[in-house]
Amino acid sequence: MSLNFPLLLVIAVAVCGLLALFDLVFLASRRKTAVATYQGSVSEPDPVVLEQLNKEPTLVEYGKSFFPVLFIVLVLRSFLVEPFQIPSGSMKPTLEVGDFILVNKFSYGIRLPVIDKKVIEIGDPQRGDVMVFRYPSDPNVNYIKRVIGLPGDKIRYTNDKRLYVNDQLVAETLLGTEPGTLGTAELYQEKLGDVEHLIRKEMGRYHMPPDNQWTVPAGHYFMMGDNRDNSNDSRYWDDPRIPKELLGMVPDRNIVGKAFAVWMSWPEPKMSHLPNFSRVGLIK
């Protein structure tokens, strides 16, 4: 079972905040009264006794200490920037396994934490963006892919591994080759709208989805990994609980944010590697 970290963070902030508020409204005045009563009952107050009377309960002390830190983390993580680590090679060569990335949480609108309801419209995903989203079949799992299709787009991916958007062939230029899992992999520079980025194709893999044409419904997005033959993405998702016309589509409510930078890389297994910063930079 995966932990719902946003929910846990909100609960922690709420508990610490309530402890601080309870102390401010009730306990602080009682301590003040106790100190005043003691001072009036003796000629020379004992500093040790005064310290004890002024001392906050341990639980309140911890709550007041943690509240500002947790509140800042909640605001930053929920509304500004959230860190993620890349767990798989589905976005090679753009992102490598072990890359630590930063995700802009407000590029596509301000959303309330936990319930993920958009409350302020700012912008929408654009074709070519690298986007983090919650997997439609299991919202507890975060995925990262590239936005290929916008609402209303017609997407086609052919058996010779060519991508068409609205019947227009997406331009690509062969850059070179590298070893693949089943032989040779080819690296291309793809131009998706105004975005130029790298993609990877395995020449030994020809597993294609049964239906390679899709129309993106309103309020949804079609996603693909840059490692085209090693990516579980919109082309392959299947779930009997989801209507056929929405299969493979990411609804707007599942969007987490736009991935914009790599800030560190630490490949697995971590015990065998040191973190490095050679890949630090903006994500294209």
Could you put Y62, Y108 in order, starting from the residue whose Cβ has the fewest other Cβ atoms within 10 Å? Y62, Y108
Specify the residue with the greatest mean-square fluctuation among I86, I242, I255, computed from a Gaussian network of the chain linking alpha-carbon atoms under 10 Å apart. I242
Which of L282, L9 has the fewest Cβ neighbours within 10 Å, and the rest in rising order: L282, L9
dims of the range 14-131, Cα set, principal axes, largest to smallest, nearest Å -> 77, 32, 17
Relative to the present Cα-Cα distance, how much length would full extension add between L187 and Y206 at 0.36 nm per residue of separation? 5.2 nm
Local net charge near F100, Cβ-Cβ under 14 Å (Lys/Arg +1, Asp/Glu -1): -2
Between the residues V60, L76, Y38, the Cα farthest towards the positive end of the dipole of the range 5-79, that dipole coming from +1 and -1 charges on the beta-carbon of Lys, Arg, Asp and Glu, is from L76
Per residue of the range 260-271, what does 6.51 cos²θ - 1.76 cosθ + 1.60 with θ = phi - 60° give for ³J(HN,Hα)? Whole Hz please, x for Gly and Pro, Karplus curve as stated. 10, 7, 9, 10, 6, 9, 9, x, 8, x, 4, 5
How big is D for the chain, in µm² s⁻¹ as a whole number, if Stokes-Einstein is applied with the Kirkwood radius of its Cα pairs at 20 °C and 1.002 mPa s? 96
Between K118 and S43, what is the FRET efficiency for a Förster distance of 51 Å, r being their Cβ-Cβ separation, to the nearest 0.05? 0.20
Crossing angle, helix 58-75 versus the chain [Cα axis fit, 0-90 degrees, rounded to tens]: 30
Please give the net charge around L76, taking every other residue with its beta carbon less than 10 angstrom from that of L76, where Lys and Arg add +1 and Asp and Glu add -1. +1
All other residues with a Cβ under 15 Å from the Cβ of A20 taken together, and with Lys, Arg as +1 and Asp, Glu as -1, what is their net charge? -1
Treat the count of other C-beta atoms within 10 Å as a stand-in for reagent exposure and order S107, S234 from fewest to most. S107, S234
Enter the angle in degrees (range 0 to 90, nearest 10) between the Cα long axis of helix 5-22 and the first principal axis of the Cα atoms of the chain, meaning the one along which they spread out most. 20
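All of the numbers you see were taken from the coordinates with simple rules; none came from a lab. Computed from a predicted model, the values in this text were never measured in an experiment. Neighbour counts are summed over all protein chains in view; Cβ atoms, including those assigned to glycine, are modelled from backbone coordinates with ideal geometry.
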